Amino acid sequence: MFGLTAEPWILVRFTDGSSGEVSLQDAFRRAREIREIDGETPTQSFAILRLLLAILYRTLAGEPVEWDHWIRWYREGLPLQSIDAYFNEFADRFDLFGARPFMQVADLATASGEMKDVGAIILDLPSNNRLFTNRAGSGALDLSFAEAARWLVNAQAFDPSGIKSGAVGDRRVKGGKGYPIGVAWDGLLGGVYAVGNCLHETLMMNLVPVTAGIITADTDADIPPWEDDTSDTAAERDGLIPQGPVRLYTWQSRRIRLFRSGDRVVGCLVANGDKLTPQNGFVHEPMSAWRFSDPQTKKAKQTTYMPREHVPGRALWRGIAALLPGLAPVDPKTGVPSGKPPGVIDWLAQLEEAGVLGSASFRLRAVGVVYGSNNSVVDDIVADEVSIPLTLLRQTDRVLAAQADEAVRLADEGVRHLRNLADNLARAAGGEGDGPRLRAADIAYSALDLPYRQWLTTLQPGRDPLEAITEWKGTASSVLRRLGAQLVADAGPTAWVGREVTRTGRTELITTPRAEGWFLRSLTRTFGTQDRKEQVA
């Protein structure tokens, strides 16, 4: 037996800087002592946070979490008595190896009686190339109960698509195989969540009351799988749809069974679970931004939004317009907003308008998975964080928020100028290809990253929007001119002599001085005449 309510299994970092493992009960009891959930991967932290939120939603015995509950929990502490009572009621459902094992199917089996190794539930362990992983030895062959619990929760949230074990009783199985139904629910999202100074603050900042008008839920039907007595066979669960955030946060995308030997988990089965598609999931899902989809709208014949997935290698601040309320432009064809910010942002905006939050800014963390090869493997895990002034969430400061977006647009335009400079210098030296452009862009965004993050934190109440954007123009221009000067210095003698290049039907001589001149004039058009003043100085 391994009861997750009492046994330590959640990796955390405490406010004193130390690390450790806590049980579900202690995660709530010590929420003010815990800095954050510190999973083995960012996805693990995200999945476990959502598990804790689902439990919080259910501690009111089916009653919706309302404003009064939230205020009391935020100021006085979490409802520990209600949480303990909930755990006592469902104690057997939180056992990793009980009669109804947690997030598993006790009798899951295949016709051949197969058992996979534990790598099937470990997200960062490549199934097709285990030579390139930092897991070796027993860590790739078996897991402690605590490790297995963490990866089990993560697998239900982020498991890739692809062929799964063919479970007995699943009528979708063909030839002993479970054919792809898509990635697990959280893997479809561009996951985001607010991060507080401790776990208590983090939980409360992401606990969106149903009565806030941001998400909807049928609180009688919005239950987690451990409360659901519906049969685990797929045939009896056809048509299951989420009724609120609790079901989404604990959605069983897979049927999983862990196999133990002594005090280790030595194998598992992973079969297809409940299929779920993301169209208009924002009605229940507050932890992702959403984008308007014209193809999906035409297909469904109704306005349809899809999750706005994170772009690998792209810093979170570069998509800030999608994260702030009131900045999404209207789609010209349909007249609807081109995107929707995450529901947690709308909730934080309500809290800021009410003057509840005591800090001047909040940290927004992004988590996502980049899948490859028909979504059957994990190519990359996206993780980033940005500190955002709370004033940008206020309706009265929409102009200031718009300047945050304008600064990103200016940065993109400036980087484009630097890419063109790199391309022209390469052509002047006799080279071709996208390599110089791509390298220049990577260097530029890296150089602008910290300056933008620092500038963003200055957008506090009372800041003059025009002064703010003027300051950013000067900063960004200075950074890009310095990078451009370095590219020119590294161009070499051949580029100074130059060569004739034909582009779009026009032949012209490209040399280092001409390329530099084009670049500097472009910067001046984008960022203003401070470029010339600074050059003269």
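Just so it is clear, none of the values below were taken in a lab; they were calculated from the coordinates. Because the structure is a prediction, the values reported are computed rather than measured. Virtual Cβ from ideal backbone geometry, glycine too; neighbours counted across all protein chains shown.
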Of Pro513, Pro342, Phe87, farthest towards positive along the dipole that unit charges on Lys, Arg, Asp, Glu beta carbons give the chain: Pro513
How long is the gain from Asp412 to Asp220 if the chain were fully straight, where each residue apart is worth 0.36 nm and the alpha carbon distance is subtracted? 64.4 nm
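Which order do peptides 381-387, 488-494, 340-346, 356-362 fall in by mean Cβ count within 10 Å, highest first?
Numbers: 381-387: 18.0, 488-494: 12.9, 340-346: 23.9, 356-362: 14.9.
Going by the mean number of other Cβ atoms within 10 Å, highest first, we get 340-346, 381-387, 356-362, 488-494.
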Find the relative contact order for the stretch 399-536 and round it to a whole percent, using C-alpha pairs within less than 8 Å whose residues are 6+ positions apart. 35
Can you give the three extents of the C-alpha atoms in the stretch 399-536 along their principal axes, from longest to shortest, in whole Å? 53, 29, 28
Cross-link reach from Lys275 to lysines, straight Cα distance under 20 Å and at least 8 residues apart if same chain, gives Lys164, Lys174, Lys177, Lys299
For the chain, what does the relative contact order come out to in percent, with C-alpha contacts under 8 Å and a separation of six or more? 13
Please give the helix 398-428 orientation as an angle from the longest Cα principal axis of the chain, in degrees from 0 to 90, rounded to the nearest 10. 60
Once label points are set 7 Å from the Cα along Cα→Cβ at both Asp229 and Ile163, what is their separation, rounded to one decimal in nm? 3.9
To the nearest 10 degrees, the tilt of helix 145-158 (Cα long axis) against the first principal axis of the alpha carbons of the chain is 60
In deg cm²/dmol, rounded to 500, what helix-only [θ] at 222 nm does the chain give when every DSSP H run of at least 4 residues adds -39500 (n - 2.57) and the total is split over its residues? -11500 deg cm²/dmol
Helix axis angle, 435-456 relative to the chain longest principal axis, alpha carbon, degrees: 70
Which of the lysines could a cross-linker span from Lys473 if the Cα-Cα distance has to be under 17 Å and same-chain partners fewer than 8 positions apart are dropped? Lys533
Taking the Cα centre of the chain as origin, sum charge times position over the Cβ atoms of Lys and Arg (+1) and Asp and Glu (-1), and report the length of that vector in debye to the nearest 20. 2000
How much length, in nm to one decimal, is gained on full extension between Thr303 and Asp16, taken as 0.36 nm per residue of separation minus their Cα-Cα distance? 98.5 nm
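Between Thr529 and Asp449, what's the calculated FRET efficiency when r is the beta-carbon distance and R0 is 35 Å? Round to 0.05. Walk me through the intermediate numbers first.
Numbers: r = 26 Å, r/R0 = 0.74.
So, using R0 = 35 Å, E works out to roughly 0.85.
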Under 18 Å Cα to Cα from Lys298, which lysines show up? Leave out anything in the same chain fewer than 8 places away. Lys333
